[in-house]
Amino acid sequence: MKFDETLRYLLSLGVETLTIKLGLRNTELLLSALSDPQKSFQTVQIAGTNGKGSTAVFLDSICQAAGIKTGLYTSPHLISITERIKVAGREISTEDFARHASQVRGAAESLVADRSVEARPTFFEHVTAIALVAFREEQVRLAILETGLGGRLDATSVAGAELVAITPIERDHQEYLGETLESIAAEKAAIIRPGSTAIIAPQPAEALDVILRRCTQVNVQPSVNQCTAAVKSVTQDGRVRVTIRTEQDCYENVLPGLRGRHQVTNATVAIRLAESLRARGFAISRSAIIEGIETANHAGRLEIWEGRPAFLFDGAHNPSGTKALREYLDEFVDTPVTLVFGAMRDKNLEQMARNLFPVASRLILTRPDNPRAASLDELQELASRVIAPQKIFTATSPGNAIREAIEGSPPDGLVCFSGSLYLIGEVQELIQDMSAAQVPN
């Protein structure tokens, strides 16, 4: 298959989060048909509600600084599906993605033909297999896998990682993971297996109790809150200089490459993972850890594009995410904020609105091109409970929202796009296309 044909095939499998078949058997059979690529390297698996992608990026950056060849698998992507799969810090090429996808498709269709599976593996199962096959071909030494949804029945769990981390947990994806924090934590804690090493971020008490019970069940001694982080200063654009002390070392005056105070937690988890990898034979020096934390980059997470007005992209997709974004805006932004917001309807939209909407001098509501997206009527009704009606505007498409935001913002203002990573990816692509169209030939 060529790349365009590959995309059409993957999309024919259904929208990623609407066609989930929770279970590992299909993925196990698919990987077995591909000669188990996951057995060719060591693996780190990261689960949680918030920060798992940033933690994975921090750890990958540390490994790059240490000269370790890694494969990084994250989701979702912003613009191109190839963003999900990186080898040695570089995004996989469209040609390689298509080639590996052809191999995975062939294996999947063979399983259906011989009735080993009742239906084709899902979009996420396919892409996970594509990533693992690519990592085997590239002979990576370490694969860093961000869990897609939950943990117990997520396709990434088939890799059987012996080093795992759980970032902060909150209520999210209740329709798949359960209504209570305890049930959600149980799904994520299931990645802790006998013989594994488990790094646990600070958690709500209910979630931590579940995680600790899981550790007891599988006879694992977890690393819980075994470090301290003291903020020393902040930069004008929201980066936090911090001293992190673990049981093994002290990392003084580190300036993480990712903005926001909440990134300190993700950085500490990544450092503890790096120290655990060192105990497993990976040559990761103290200087590599510092360099990796300071040079990490993660698109769509408090990402600033300079201009007049400036753009801020943050895919805050749940109440904790919007709370962190609001805290960032309150602390570091002193110019008028035009907020462009679009989100998925299965989120806690009311709390997200209460967290974020009051910061906006102008609020532009829009609907990303996604079947899960909340309607403009629903968002407008929520907004009217939170801010004055004269501040609320609607745009029938993200493209219209961009134009409305630019036209209505002062040159020294800030346009903030938030509510969903799907919105962030869509508007970034549109802005790039608009900019290209304005450049004379």
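No value in this document is a laboratory result; all are computed from the given coordinates. Note that the structure is predicted; figures quoted are calculated from it, not measured. Here Cβ is always computed from backbone atoms with ideal geometry, including for glycine, and neighbour counts include all displayed protein chains.
Take M1, M434, M352 and order them by how many other Cβ atoms sit within 10 Å, fewest up front. Kindly include the intermediate steps, with their values, before the conclusion.
Numbers: M1 17, M434 13, M352 26.
Starting with the residue having the fewest Cβ neighbours, the order is M434, M1, M352.
Sorted from largest down, give the three principal axis spans of the alpha carbons of the range 69-122, whole angstrom values.
38, 20, 19
Karplus couplings for the range 162-170 from phi (6.51 cos²θ - 1.76 cosθ + 1.60, θ = phi - 60°), rounded to Hz, Gly and Pro as x?
8, 10, 10, 9, 10, 7, x, 10, 9
On each of the three principal axes of the Cα atoms of the chain, give max minus min coordinate, whole Å, ordered largest first.
58, 53, 50
Only Cα pairs within less than 10 Å get springs; with that Gaussian network setup on the chain, which residue of E381, E426, E162 has the largest fluctuation?
Among E381, E426, E162, the largest mean-square fluctuation in the Gaussian network model of the chain belongs to E381.
Take the alpha-carbon positions of the range 284-441, form their convex hull, and give its projected area averaged over all directions (one quarter of the hull surface) in nm².
The Cα convex hull of the range 284-441, projected and averaged over all directions, gives 11.6 nm².
Please give the calculated 222 nm ellipticity per residue for the chain, where each DSSP H segment of at least 4 residues contributes -39500 (n - 2.57) and the sum is spread over every residue; nearest 500 deg cm²/dmol? The partial results should precede the final answer.
On the way: 15 runs with 181 residues, N = 441.
Computed ellipticity for the chain at 222 nm equals -13000 deg cm²/dmol.
If packing is taken as the average number of other Cβ atoms within 10 Å across a peptide's residues, how do 372-380, 114-122 rank, most packed first?
Packing order, densest peptide first, comes out as 372-380, 114-122.
Along the positive direction of the dipole of the chain (beta-carbon charges: Lys, Arg +1; Asp, Glu -1; about the Cα centre), which of G257, F332, S12 reaches farthest?
G257
Put +1 on the Cβ of each Lys and Arg and -1 on the Cβ of each Asp and Glu in the range 18-138; which of T55, S116, A134 then has its Cα farthest toward the positive end of the dipole?
Working it through, the farthest residue towards the positive pole turns out to be T55.
Among all the lysines, which ones have a C-alpha under 16 Å from K323's C-alpha, if same-chain residues fewer than 8 places away are not counted?
Partners within reach: K347.
Counting only the backbone N, which residues of the range 226-242 are under 16 Å from the spot 7 Å out from the Cα of R286 toward its beta-carbon?
The answer is 228, whose backbone nitrogens lie closer than 16 Å to the label point.
Convert each backbone phi in the range 103-116 into a coupling constant with the Karplus relation 6.51 cos²θ - 1.76 cosθ + 1.60 (shift: θ = phi - 60°), then list the ³J(HN,Hα) values in order as whole Hz, x for Gly and Pro.
5, 5, 4, x, 5, 5, 5, 5, 5, 5, 5, 8, 6, 5
Just how many pairs of Lys in the range 3-295 have C-alpha atoms closer than 18 Å, counting pairs that are eight or more places apart or on different chains? Kindly include the intermediate steps, with their values, before the conclusion.
Working: K21/K188; K39/K69; K52/K86; K52/K188; K69/K86.
Pairs that pass both the separation and distance tests number 5.
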